[in-house]
Amino acid sequence: MTAERALRTAAPHELLDAVRHVLVQEYAAQAVELYLADYGLTVLQPVSVLPLTAAPVSVHNSPAGRAFGSQEPFVEDVDGGAVHVHLPVTVRGDRLGVLTVALPDEEGARDLLGELADIAEVLAHEVVVAERDTDLYLQARRKDRLTLAAEMQWQLLPGRACSRPEYELGAQLEPAYAIYGDNFDWSATGDRLTLYVTNGMGEGIEASLLTNLAINALRNARRAGIAIDDQAALADQAVYAHYQGRCYLSVLMLDFELATGRAKLVDAGSPQLLRLRDGVVERVTFEAQLPLGMFEETDYTAQDFQVEPGDRLVFVSDGVYEVASPGGEAYGDAALARAIMSTRLLPAAEVPRAILRELTGHRGQSLPKDDALVLCLDWRGR
């Protein structure tokens, strides 16, 4: 409670100082550091030293990275009987980073793990709120400079993961520092989950502007309580009114009923869906409809779709399934299904990053020609 009060009364840029003061005073901490995951999910960047003069920590092979990946506190022994306690900093399944606390003895540290984990969770919530008023935490996440198009796309996203009793979501975009058109969006109520997976047209700023227009048009319609097929129609009109058919946008839209797993779906373009059910990966196809903004006043029809408890749905853009190996094999032909199977034991938040690593190996050494999106939805049901 002391930590929570300190964090809620601290200035947005002083959250780490506030939690450090409480941990030193109340828990005899010897050192406290906050690491935030970078946009590419490859390193954990220290927050306390800007502009990033302290060394980042690997997500893949470090004690802090172990806590980040497992989403469980990890106690690391250090010299003299002291320990470093690494605590996930996570908000509703969205993994922001790790709080590392140096404590004088292991036994006392293990007794405090529950309290320290609660403090890290409160810190995560406060970081998300503080980002409205300071750039500190957004700056700390970048190990390289973002392109302007990528800056616009990351600001448009709802997060990179979300967890509720009925489902878990995780998504990632690559190249993280130079994306331009691909995007995802989701929103949940007590009864429904709405999900958009977008494959943008074009490159650079123009692609980002097109996606921003379309996503905000979809959100505007969704927040007005309009059905998913009419959301598509209104966004189509907005995009066409601005571009007159010169630019358009592909999107796969789903509206799930949480109690039953029934969904309404609009397939307006190229994002693909693969389903892992009972150990079998299969591509799920729908009636293809026109991309948003291609023609004036296009009518869209929602289709029915059913998801079952235990299903894993993996959504990918064409920058994933069309990528060719040096031998000419498209990733979506067989390699994507193998990647989904090989990652079946990972949590949903880890799957997109793992599949994109597999994609890099499939592509070889050449630079990507298109941005890539992977979104994973694990359905538990009620």
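Values in this text are rule-based calculations from the coordinates and carry no lab data. If you're wondering where the values come from, they're calculated on a predicted model, not measured in any experiment. Quick reminder, even Gly has a Cβ in these numbers, built from the backbone with ideal geometry, and neighbours come from all protein chains shown.
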Legend entry - Kirkwood Rh in Å, taken over all unlike Cα pairs in the chain: 21.9
Legend entry - √(5λ) per eigenvalue of the Cα gyration tensor, the stretch 92-138, largest first, Å: 26, 11, 8
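For the stretch 1-101, report the translational diffusion coefficient in µm²/s to the nearest whole number, using Stokes-Einstein at 4 °C, 1.567 mPa s, and a Kirkwood Rh over Cα pairs.
Taking Rh from Cα pairs, D becomes 92 µm²/s.
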Inset, instruction - Of the options A37, V280, A82, report the single residue whose Cα projects farthest towards the positive end of the charge dipole of the chain (beta-carbon charges: Lys, Arg +1; Asp, Glu -1). - result: V280
Inset, instruction - Determine the gain in length on full extension of the stretch E151-A28; use 0.36 nm per residue of separation and subtract their C-alpha separation, reporting nm with one decimal. - result: 40.3 nm
Inset, instruction - Would you mind checking the tilt of helix 204-223 against the longest principal axis of the Cα atoms of the chain, expressed as 0 to 90 degrees and rounded to 10? - result: 90
Legend entry - Net dipole in debye of the stretch 247-356 [+1 Lys, Arg Cβ; -1 Asp, Glu Cβ; about Cα centre; nearest 20]: 560
Legend entry - the stretch 257-373: radius of gyration and largest Cα-Cα distance (Dmax), Å: 15.8, 46
Inset, instruction - Report, in debye and to the nearest 20, how large the dipole of the chain comes out about its Cα centre when Lys and Arg carry +1 and Asp and Glu carry -1 on their Cβ. - result: 240
Legend entry - Cα extents of the stretch 45-196 along the three principal axes, largest first (Å): 52, 41, 29
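Once the Cα gyration tensor of the stretch 342-382 is found, what semi-axes does its equivalent ellipsoid get, as square roots of 5 times the eigenvalues, in whole Å, sorted largest first?
Working from the Cα gyration tensor, I get semi-axes of 25, 11, 6 Å.
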